[in-house]
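Before any comments, here is the structure.
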Amino acid sequence: MERFNDLADFSAAEIQELIALANRLDHTPEPQALEGKVLSLLFLNPSLRTLASFQSAMVRLGGGSFVISPDMSIHGLETRPGIVMDGEAAEHIREAVPVIASYGDAIGIRAFAQRRDIDTDVADREFDELAGLAGCPVINMESAIQHPCQSLADWKTLDDLNIPSNKGKFVLSWAYHPKALPLAVPSSTLKMAAMRGMDVTVLRPEGFELPDAVMQKAQSLAEQSGGSVTESNDRREAMNGAHIIYAKSWSSTRHYGDAVADKALREELVDWCVDEPWFEPARDDCRFMHCLPVRRGVVVTDRILDGPRSVVIQEARNRLYAQMAVLYRMLKG
Ligand code: CP
């Protein structure tokens, strides 16, 4: 495996094989599998789970890793193309990426969306340029439009919970958040659930529709898997018979790149905080998913997060085993 960037680059059978490997490595450790191998980790944005789980994964497989991020004592890092570097930054990302990559056998890169231009972000141009500089296998640790490690872990979590693939009802719901957040998690989650063959409803207020390219890709994946993808702004209709609600906030696509207009629109939507009444039309055993970090009392209430519906800790734990499987295939073959 040369690149782990998008679950849709793989067949459903290949994803299932990765999840079987993740389960095997969970139950039967292989502490020497990646002996002598090094994973370079470049974080241009903050992280808890991705940072810790990749380091833990390499240790558990007998290899090592190192982390570089702008808030460490490195030279100031410039990321803008074509810039005259007469300011604070002393090093450009165009040299930093190949240098960091040359110290390892594979590199993980996190580079969030700039959220200035939706076409640039949906095309994932910044990440593709960074990945193209690496010269070694690349793992996407969240870019403008992809978060494949989260989605692989979430697919495994759905399997662990015995949520049916065909005829399983999955609601991807927008939730309130005071900030405009990237599209990576909702876009990747939607494609994951569609590939898994689920009946997916994107529940979102007006102005927060996911980009057409993302919806069309998900619809095409659903056609192949026997699932379906629909959109709704009617919470009751969307939640009817749901097995899963996956909550996430994201930027207004109507006002993408316009922080003032986005804020004005989202300020009217503080009641999009997931709480028990949302589940009334759903199945009794409907579960709550979220990639974390999550703002308590804003995105979801304490009683849902702390109650039996929540599987957020299982999702986070599965990041470790999902990524161990990816590293194993990438570095061991
Ligand atoms: N879900 C996720 O990627 O978490 P972090 O941002 O903490 O890595």
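The values are calculated or read from the model by the stated rules, or taken from the named source; none is laboratory data. In this text, all values refer to a predicted model and were calculated from it rather than measured experimentally. As a convention, Cβ positions derive from the backbone with ideal geometry for all residues, glycine included, and neighbour counts pool all protein chains shown. Surface areas here come from the heavy atoms of the whole protein model, side chains and all, with no ligands, DNA or RNA. Shrake-Rupley method; radii C 1.70, N 1.55, O 1.52, S 1.80 Å.
Anything in the chain that counts as a DSSP H helix reaching 15 Å or more along its axis (C-alpha) with Kyte-Doolittle mean of at least -0.5? List them, would you?
Helix filter hits for the chain: 12-27, 49-60, 184-195, 312-331.
What accessible area, in Å² to the nearest ten, does a 1.4 Å probe give for TYR103?
Only protein atoms counted, so the area is about 150 Å².
Which residue fluctuates the most in the chain, going by a Gaussian network model with Cα springs under 10 Å, if the choices are GLY64, GLY104, GLY87?
Of GLY64, GLY104, GLY87, the Gaussian network model singles out GLY87 as fluctuating most.
Top mean-square fluctuation among LYS156, LYS191, LYS167, Gaussian network model of the chain, C-alpha springs under 10 Å?
LYS167
Where q = 0.08 Å⁻¹, what log10 of I(q)/I(0) comes from the Debye formula for region 162-310, counting one point per Cα?
Normalising to I(0) and taking log10 leaves -0.20.
Any chance you could look up the accessible area of HIS290 with a 1.4 Å probe, heavy atoms only, rounded to 10 Å²?
Roughly 10 Å² of HIS290 is accessible to a 1.4 Å probe.
Can you tally the net charge around GLY36? Count Lys and Arg as +1, Asp and Glu as -1, for every other residue whose Cβ sits under 13 Å from the Cβ of GLY36.
0
Can you tally the net charge around VAL122? Count Lys and Arg as +1, Asp and Glu as -1, for every other residue whose Cβ sits under 11 Å from the Cβ of VAL122.
Local charge sum for VAL122: -3.
In a Gaussian network model over the chain where Cα atoms closer than 10 Å are linked, find which of ARG287, ARG303, ARG60 has the largest mean-square fluctuation.
ARG303
Based on DSSP H runs of at least 4 residues, each adding -39500 (n - 2.57), what is the mean residue ellipticity at 222 nm of the chain after dividing by all its residues, to the nearest 500 deg cm²/dmol?
For the chain, the value works out to -11500 deg cm²/dmol.
Let me check I've understood the local charge: for ASN140, count other residues with C-beta under 12 angstrom from its C-beta, Lys and Arg +1, Asp and Glu -1. What total comes out?
-4
May I ask you to derive the FRET efficiency for GLU30 and ARG94 from their Cβ-Cβ distance with R0 = 45 Å, giving the value to the nearest 0.05?
0.75
Considering only lysines 8 or more places apart in sequence, or on different chains, count the pairs in the chain whose C-alpha atoms sit under 27 Å apart.
The number of close lysine pairs in the chain is 22.
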